[in-house]
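Notes to accompany the following structure.
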Amino acid sequence: MNARKLAVLAVAAFAFAGCSSLKNPEPRSAKVVFPHSRHASLGCTDCHDDISKQTKVQCAPLPGAAKCNDCHDPAKEPAVATAVAGLRKPSDFKDSKLTFSHADHLPKVNGKCDGCHQVLSDPAQKGSTTPPMATCTACHHHAEEFTAARCQPCHVDFKSYPLKPVSAFAHAGDFKRDHARYARTSAATCAQCHDQTYCAQCHAAETRPAKPSIIFPEKVEADFIHRGDFISRHQIEAQADPASCRRCHGSGFCESCHQDQRLSSRTLGAGGTRNPHPQGWVSPGSGQFHGTAARNNVVSCAACHDQGAASICVTCHRVGGIGGNPHPAGYSSQHPRGDIAKTPMCRICHTNGV
Amino acid sequence: MRTRSAAVVAALVLASTGARADTVDVSSTTMLMWQKDFRLPASTNTSQLVELRSVVPLLEILNVSARDIRNPVAEHLQLELSTWGGVELADHRWQPGPSLSSDFSGDLDVAYLKGDLLSQRLTLRLGRQHVVEGNARMLHVDGVEAVVRLPENFGISGYFGKPVASRFDAVGTDRTTNATRGDYAGGGRVSYAYPGWAEGGVSFAWAIDHGNLSRQDLGGDLRVTPYRALTLNGFVDYSLYEARVAEGNVMATWQLWRRLSLSADYRHLEPDLFLPRDSILAVFSNAKQNDLGGNLHLTIPCLAAGLDADYHALLEPAGTGHDARLKGTAHPYGPYITVGAELRYLHNPDNGYSEARLFGGHQMGRLAFTLDLQGFYFESLVNDHRTSLLATATAGYDLGDGFRAQVSGGGGYTPFVSDQFEVMAKLVYNQTYHLREVR
């Protein structure tokens, strides 16, 4: 089975797995929702008696049938017994994706649950009963955390929530430039909203079919690096920040295009090469000398000339060649001559091992 | 190949066991494009013109994300898949590589299974993925990553795999285009977090290429919040092989008040250390590059507007450059109307460009329009021209049930193509299915 067929099979299997999960979901209406309004005379902790000890939000401690039976006799109230049997169970809920401790918070609100829980579940209540985030931000100032992308430790997983439009979560400043700083230290923070399928829209440079600004021309607010006529300006961007290119693109990426545009040394003798170098490129002291350019930005050279032993540089700069010693000052202090014999790359020029 | 086979087997096992996901996101994008690609003439010394070719690629991009897949082995089991396939209906595109050997192409961008084991102490991710944390440099790898959560907010993570290469003719090159060149790459990170105050780690990255060391770096990262409105970030990546710092940066972000935040940063780079150590070009330079600058972000509530101003001085080996940007976005008549403008000035010691951009969008019920105008003025001649001007317009219609249709057209002139024109039709399907209620 070839790789392409495997990929198609994988897609089909994944799709089947996804579809099978969608068949016959249990409708919420089939479950009985606990009527809080009929029990208003009780205190919250009469039923939720362990809540003051809960350090996590999870559904397991929800009161069960035994708690109902403290007041209701199933034998005398069969309707209640039926309702209790049909109550939504903890397994009907996902555990919360928030880090929240009732044990910590209840003393701060003097045990008044309704400070946060202003809407309780009830058969007539169709909307969400989970306290909204505004309840949290009424005490917790959120702007600083939002700006600095400090979602943790409160939020554990945003993806499970139906989020507001993404525009409400636009990352401030030059986030295109700065986002790596956050991701390096806490990728988990990014992962609360963004799966890697999202990251791959820009970061899968080896495999994507087109650049993001081509696929998403409608995202006019986005800061796509390669938007518009990037070809005309790419060498300027590459000089300003050579490392920025090399974070995503290896030499093969640059050369694959340069070769097709007859700009690569690989096309020498194959239909002609369009020499991109200025006059004086091989003349020391010309002001355009290639040695100076290579010292200043060798990453640009690698865009066409990174072919190992077949590199055009070797022709002149091998030991005994007309190009002389190409190493920068201080190179020998980091690389003793003994390394030559051990390093195949060195032996391309130092053919005799010294 | 083994990795792909394992992914297929895992998928079949999941499907056959009736594994059910609580949340399934499906996204499908079908695109048909028509555009003119150029080929440069063979020589600058002749009167040969730039050759134009019509390219008509048909692309299908599929994303599937299934979370909280119920299964007997792992908690929070998650499947992430991003894949695409395409066919060239006319000439082959040259971007991002030379002519493909076949009219058909396709690849996997991401395909992994992730789950928690040992009461969420261990998270495993298996398949094609990105490694994000520490000094991994967003490594695209076919492999495995493991994250272990230790007591007292300590953690250890490790990864190992084969750097992704275009194995399906996607780029059409016989060479790897991965920034991390190598047969195998691995690394890890030891981290510590003091919730709400600090988090950081020490990381290691390693890659080997045909038996030779391609990369061997030690990294350190730290984020500190000494008080609520101030965040300090720092990162350093040190090449153990060259005994030099490849990259170091520090940044301070200060939220002066709710509507205004400021940041200042300094970065040191030694760009040659971003080349593989087994590259012949790795021995030619040890140049250093620094940049220093900051950013201001201002929110103007009455216009629902945001303003960003950035400036960085580029301290390059050949002299000092400047990178300045001003961008404003506003929603003056409600959230459904967007207008924005962007100015940029990038100047290296021997070349540079200025950019002006206007953009906007209007959503009217199911209809949405956008317009984008972008112009450049180049300090040095590019193919004997100094200017580039492109306009792109889109019109989209929400068909309902998660479907959206869109057409876009773009045109203008660039230093390489005097009358550029391209059109695209796109059909997008986005749907999220929730099976259980989130409390």
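The values are calculated or read from the model by the stated rules, or taken from the named source; none is laboratory data. These figures come from a predicted structure and were not determined experimentally. In this analysis, Cβ positions are derived from the backbone assuming ideal geometry, glycine residues included, and neighbour counts consider all displayed protein chains.
Some notes on this structure:
- Within the stretch A:96-116, the set of residues being crowded, with 16+ Cβ neighbours inside 10 Å and either within 14 Å of chain B (Cβ to nearest Cβ) or touching a Cys at 6+ places or on another chain (Cβ under 7 Å) (or both) comprises A:SER96, A:LYS97, A:LEU98, A:PHE100, A:HIS102, A:CYS113, A:CYS116.
- B:VAL147 falls short of the stated requirement of being crowded, with 23+ Cβ neighbours inside 10 Å, at the interface with chain A (Cβ under 9 Å from one of its Cβ atoms) and at pLDDT 85 or above.
- Pairs linking a residue in the stretch B:258-282 that is more than 7 Å from chain A (Cβ to nearest Cβ) and over 21 Å from B:ASP237 (Cβ atoms) to a residue that is in a strand (DSSP E or B) and among the aromatic types (Phe, Trp, Tyr), with Cβ atoms under 6 Å and 6 or more positions apart or on different chains, are B:LEU262/B:TRP254.
- Extreme residue, surrounded by the fewest Cβ atoms within 10 Å (Cβ to Cβ), among residues of the stretch B:332-349 that are assigned to a loop (DSSP other than H, G, I, E, B) and within 9 Å of another protein chain (Cβ to nearest Cβ): B:PRO335
- The listed residue being facing chain B (nearest Cβ under 7 Å) and either among the hydrophobic types (A, V, I, L, M, F, W, C) or within 30 Å of B:VAL147 (Cβ to Cβ) (or both), out of A:ALA204, A:ALA222, A:ALA191, A:ALA180: A:ALA204
- As for the stretch B:160-179, it holds no residue that is crowded, with 17+ Cβ neighbours inside 10 Å, at pLDDT 95 or above and within 10 Å of chain A (Cβ to nearest Cβ).
- Any hit, the stretch B:374-395, residues being touching a His at 6+ places or on another chain (Cβ under 9 Å), at the interface with chain A (Cβ under 10 Å from one of its Cβ atoms), surrounded by 15 or more Cβ atoms within 10 Å (Cβ to Cβ) and free of Cβ contacts under 8 Å to residues at least 60 places away in the same chain: yes
- Looking only at the stretch B:283-295, and only at residues there that are of a type in the set (A, V, I, L, M, F, W, C) and at the interface with another protein chain (Cβ under 8 Å from one of its Cβ atoms), the one that is nearest to the chain's Cα centre (by Cα): B:ALA287
- Among the residues of the stretch B:350-366, the ones that are touching a strand residue (DSSP E or B) at 6+ places or on another chain (Cβ under 6 Å), surrounded by fewer than 18 Cβ atoms within 10 Å (Cβ to Cβ) and in a strand (DSSP E or B) come to 4 in all.
- Scanning the stretch B:305-322 for residues that are in contact with a Gly (Cβ under 7 Å, 6 or more places away or on another chain) and hydroxyl-bearing (Ser, Thr, Tyr) yields a total of 1.
- Whether a residue is more than 23 Å from the chain's Cα centre (by Cα) and at positive phi was assessed, and A:ARG233 does not pass this test.
- Any chance A:ALA79 is in contact (Cβ under 8 Å) with a residue 40 or more places away in the chain, part of a helix (DSSP H, G or I) and either within 14 Å of chain B (Cβ to nearest Cβ) or not aromatic (Phe, Trp, Tyr) (or both): no
- Each residue in the stretch B:212-257 was checked for being at the interface with chain A (Cβ under 10 Å from one of its Cβ atoms), more than 23 Å from A:ALA187 (Cα to Cα) and either touching a Gly at 6+ places or on another chain (Cβ under 8 Å) or not hydroxyl-bearing (Ser, Thr, Tyr) (or both), and 6 of them qualify.
- Number of the exception - B:VAL224 against (1) outside any loop (DSSP other than H, G, I, E, B); (2) crowded, with 23+ Cβ neighbours inside 10 Å: (2)
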